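The values are calculated or read from the model by the stated rules, or taken from the named source; none is laboratory data. Remember, predicted model here, so these are calculated numbers, not experimental data. FYI the Cβ positions are ideal-geometry reconstructions off the backbone, even for glycines, and counts take in every protein chain you see. For the accessible areas, the whole protein counts, side chains as well, though only heavy atoms, and no ligand, DNA or RNA atoms are used. Shrake-Rupley method; radii C 1.70, N 1.55, O 1.52, S 1.80 Å.
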Amino acid sequence: MSATISPSRQPSGRVANALTSGQLPRFVEWYVLGGSLALSAALLLLMGFNIAGWLVLTAVIYLLALGILSSVVENRRKATDRVIRGLVTVAFLLALAPLISTLITVVANGIGSINWNFITQTSSSVFNADTLEVTTQVGAWQAIVGTLIITGIAALISIPIGILTAIYLVEYAQPKQWMARTVTFLVDVMTGIPSIVAGLFAFSLFSLIVGPKAFSGFSASIALAVLMIPIVVRSCEEMLRLVPGDLREASYALGVSKFSTITKIVLPTAIAGIVTGVMLAIARVIGETAPIFMAASFTDNFNANPFDGPMQTLPVMAYTGYKFPGQDIAASNASAWGAALLLVILVVILNLIARVVAKVFAPKGSR
Amino acid sequence: MGDQAATGTKTPGSGPSGSSRGARTMRAKARPADRIFKGLSTGSAASIMVILAGVALFLIIQAVPAIFADWQNNPDLNTGPTGGYASFWTYVGPLIWGTLFASAIALVIGAPIAIGIALFISHYAPRRLAGILGYLVDLLAAVPSIVFGLWGIIVIRPFLLPLSDWLNTYLGWIPLFGGQVSTTGSTILAGAVVLAVMILPIITSISREIFLQTPRLHEEAALALGATKWEMIKLAVFPYGRSGVISATLLGLGRALGETMAIALIISPAILVSVRMLTEGENSQTIAANIALNFPIATTLQREALIGTGLLLFVISLAVNMLARVIASRAGAGTKRKRQKINAQLPPSDPSTVLAVDDVLARKAAKSHAEGADDEEPEIDKEEREGKDA
């Protein structure tokens with residue numbers, strides 16, 4: 001009875017909202033960012049402007065300003081939170097800087113030397129009988145052919161071994177079996193092999209078989225295969241394990257043999273992932289320099305026979321162009337950058353193929 | 001009878017006795033294709049063992065003559081790149097130091113940034129952007145190392161010069177920054193910065209996957225208690241992901257130890273034990289770069305000495321990688337179901353990191369299956385609700 005509705009008193013004037021008081025306004029980060037950009041630009045204009053210094057100074061001022069502002073208006077816990085958020089974002093932007101800078105540098109330096117002649121000619125010295133001048137002709141054809149042959153053989157060796165090992169681990173081995181455990185462990189160990197050690201292995205192997213001058217493209221392929229097999233095994237294993245067990249059981253229940261189940265059910269289901277993994281593995285080893293340099297050495301001559309003599313490849317061409325330049329240092333460096341750009345283009349193409357394959361061949365259905 | 005005919009036509013060579021046994025035990029018969037295929041895949045798995053044994057064996061065979069040679073009196077070894085050393089061990093000692101030193105600097109620079117990036121992608125970036133941002137960082141792993149080396153020469157070396165001068169002027173009393181500062185920038189610091197960039201993607205992608213695995217309930221509990229985001233990360237995310245992050249860092253270290261081209265191209269080396277980072281002639285050389293630089297000019301026995309140093313590099317990086325996996329195997333809780341869901345959503349963009357993530361998570365999953373930590377909580381919730389309803 002006594003609970004009557006008392007006429008609520010209207011607040012006179014504005015009252016601070018309890019939910020938002022003691023907090024910085026919503027877009028304070030952007031305001032502070034703008035302020036620190038302007039401030040650091042002004043400071044640097046007095047001393048001499050450069051982009052890197054500007055961004056670094058901006059980050060420092062931004063973090064300091066936000067920390068002080070927040071600890072004055074809010075409290076220390078929130079100030080820490082905001083500063084950490086800023087730091088983490090800066091870390092991410094810091095990682096993008098080398099990526100963008102690398103790509104810009106490669107394109108800017110390499111685009112000048114890439115033309116149709118660079119791609120289709122081999123490096124050689126041409127003696128002109130009329131003028132008695134020796135002109136060096138710059139070309140990357142021998143390196144392109146070498147890269148494709150060496151990587152191709154490496155892929156031919158490691159893809160079957162890798163996929164079959166993954167099938168063994170997923171389909172045949174019992175998890176507790178000693179062989180499965182050993183193989184899994186050894187694949188882990190193999191991923192840790194430094195690339196140069198793989199090159200030394202291939203060189204040792206072939207110098208024991210062939211003799212001291214054991215440089216050949218095939219030897220480099222063996223080195224790359226050592227690096228590639230564990231990558232293929234692990235990505236294929238991952239993909240095969242994603243195939244639902246129901247599919248296998250349904251197939252066995254129909255009386256289909258294990259071989260047919262694997263080749264007709266399991267592999268087609270996982271094929272998109274397997275192809276993607278293989279493509280990325282190829283992209284990974286195609287850029288390896290040290291093992292090819294050890295095992296196939298380097299040459300300027302065109303050599304398409306992987307079993308005899310040194311073979312040139314794009315990464316090694318980029319390395320030797322800088323480290324052991326010819327008489328015309330500028331031309332050597334230019335061709336090094338050209339080779340590097342061609343290599344990046346190859347890697348990008350392989351990555352794109354991998355992405356497209358993953359999209360196009362992805363298993364249709366509930367997933 | 002019809003059954004028998006059917007099996008008979010499928011395996012013509014096996015005869016009636018085979019089909020009657022098949023009918024009795026209801027077991028699928030092993031066809032020739034089956035047996036061949038099983039043999040092939042088992043053989044491939046066995047070949048992995050053979051290959052790895054071969055790597056160790058051939059390196060040892062080639063290295064032994066140089067390791068046990070008399071370095072002072074051997075005409076091959078006391079000249080050229082290996083000249084002036086009493087034995088193999090006095091030659092390789094400074095190289096091991098250089099390798100560890102350069103990798104340590106790279107790790108000090110790279111690891112905090114990598115963990116920051118992982119945190120940004122997993123917990124700070126907008127959900128829709130996270131996948132793309134992660135892919136961008138993984139792209140760093142796709143850039144060939146030679147390209148990073150060339151980039152280091154023309155971008156990082158000059159970029160670090162002002163910093164080197166500043167460090168040398170004001171902090172020169174610290175041995176790390178002491179000595180005559182380099183004018184070209186071919187310092188071990190420049191090499192280590194490029195190494196740091198190269199190990200960023202591996203540490204980032206493993207840490208990111210681990211951070212994403214943090215049980216949602218832990219995070220929400222921390223937030224519900226009034227924690228700020230950073231406090232939530234300290235309370236829930238870091239304790240959960242610690243072992244994974246440590247093993248990711250060690251795998252990054254393993255990568256840095258074996259990296260050749262960036263160091264070989266950038267620094268101007270000397271084989272000595274030095275802690276100075278900013279000088280021209282006092283940069284400790286690393287094993288991998290030393291091999292790459294001297295291999296083309298070495299004689300047979302000198303090559304064998306270099307292969308010996310490579311063998312030691314193999315042993316060191318093997319030890320680091322195994323340590324990483326041991327630590328990963330002691331990881332905390334997580335669920336297999338979640339892991340599969342995540343794997344299904346994001347196709348792995350970098351196969352070499354998939355294996356490490358997979359390793360950490362598989363062991364986590366195995367452990368949590370025993371504990372049953374994450375699965376039960378929703379069920380308890382449900383029972384309570386039902387109890388209240390009744």
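Helix A:195-209 and the long axis of chain A differ in direction by around 10°, with both axes built from C-alpha atoms. Pairs spanning more than 25 Å between alpha-carbon atoms, out of A:Lys176/B:Lys38; A:Lys359/B:Lys229; A:Lys359/B:Lys38: A:Lys359/B:Lys229; A:Lys359/B:Lys38. Rounded to 0.05, the FRET efficiency of the B:Ser329 and A:Trp178 pair, given R0 = 22 Å and the Cβ-Cβ distance, is 0.80. Here the Karplus curve 6.51 cos²θ - 1.76 cosθ + 1.60, taken at θ = phi - 60°, turns the phi angles of the stretch B:61-78 into couplings of 4, 6, 7, 4, x, 6, 5, 9, 6, 8, 5, 7, 9, 6, x, 6, 8, 8 Hz, with x standing for Gly and Pro.
For chain A, the relative contact order comes to 18 percent (Cα pairs under 8 Å, sequence separation of at least 6). In this assembly, the B-A interface accounts for approximately 8200 Å² of buried accessible surface in total, computed with a 1.4 Å probe and without ligands, DNA or RNA. Using the average count of surrounding beta-carbon atoms within 10 Å as a protection proxy, the listed peptides B:160-172, A:193-205, B:143-155 rank, highest first, as A:193-205, B:143-155, B:160-172. Grouping the Cα pair distances of the stretch A:25-167 into 10 Å bins from zero gives a pair-distance distribution of 9, 19, 18, 14, 14, 18, 6, 2, 0 percent in increasing distance order. Between the amide H of B:Asn283 and those of B:Ala270, distances stay under 5 Å, these residues lying 5 or more places away or on another chain, with hydrogens modeled in the peptide plane. Using 0.36 nm per residue and subtracting the Cα-Cα separation, the extra length available between A:Thr120 and A:Val348 on full extension is 80.0 nm.
For chain A, a crude dipole built from +1 on the beta carbon of Lys and Arg and -1 on the beta carbon of Asp and Glu, taken about the Cα centre, is about 1780 debye to the nearest 20. The residues of the stretch B:126-163 occluded by other protein chains by 40 Å² or more of accessible area, set against the chain on its own, are B:Tyr135, B:Leu136, B:Leu140, B:Ala142, B:Pro144, B:Ile146, B:Val147, B:Leu150, B:Trp151, B:Ile154; surface from heavy atoms, 1.4 Å probe. Normalised by residue count, the stretch B:147-275 yields a Cα convex hull volume of 150 Å³ per residue. A P(r) calculated from all alpha carbon pairs of chain A, with 10 Å bins opening at zero, reads 5, 16, 18, 17, 17, 14, 7, 4, 2, 1, 0, 0, 0 percent.
Each peptide in B:275-283, A:174-182, B:33-41 was scored by the mean count of other Cβ atoms within 10 Å over its residues; highest first, the order is B:275-283, B:33-41, A:174-182. Percent of Cα pairs in the stretch A:163-208 per distance bin of 10 Å, from zero to the largest separation: 24, 35, 28, 13.
Counting Cβ atoms of other protein chains within 10 Å of each residue's Cβ and taking the mean over peptide B:223-236 gives 3. Multiplying the residue separation of B:Val315 and B:Asp70 by 0.36 nm and subtracting their alpha-carbon distance yields 85.9 nm. Spin-label model, A:Trp30 to A:Leu96: label points 7 Å out along the Cα-to-beta-carbon direction sit 1.6 nm apart. Rounded to the nearest whole Hz, the Karplus-based 3J(HN,Hα) values (6.51 cos²θ - 1.76 cosθ + 1.60, θ = phi - 60°) of the stretch A:261-276 follow the sequence 4, 5, 7, 9, 10, 5, 5, x, 5, 9, 4, 4, x, 5, 4, 4, with x at glycine and proline. Its DSSP H runs of at least 4 residues, each contributing -39,500 (n - 2.57), put the calculated 222 nm mean residue ellipticity of chain A at -22500 deg cm²/dmol, to the nearest 500. Remark: mean inter-chain Cβ contacts per residue of B:302-312 equal 3, using a 10 Å Cβ-Cβ cutoff to other protein chain atoms. What the Kirkwood sum gives for the stretch A:224-317 is a hydrodynamic radius of 16.0 Å, with every pair of different alpha carbons counted.
Sparse packing (at most 12 other Cβ atoms within 10 Å of the Cβ) combined with a DSSP loop state is found for the following chymotrypsin sites (Phe, Trp or Tyr not before Pro) in the stretch A:30-71: A:Phe49. Considering all different alpha carbon pairs of the stretch B:89-361, the Kirkwood hydrodynamic radius works out to 20.0 Å.
Global size of the stretch A:28-110: 15.3, 53 Å for Rg and Dmax (C-alpha atoms, Rg to one decimal, Dmax whole). With the simple model of a label 7 Å out from the Cα in the direction of the Cβ, A:Val210 to B:Thr169 spans 5.5 nm. Take each residue of peptide B:244-257, count the partner chain Cβ atoms within 10 Å of its Cβ, and average: the result is 1.
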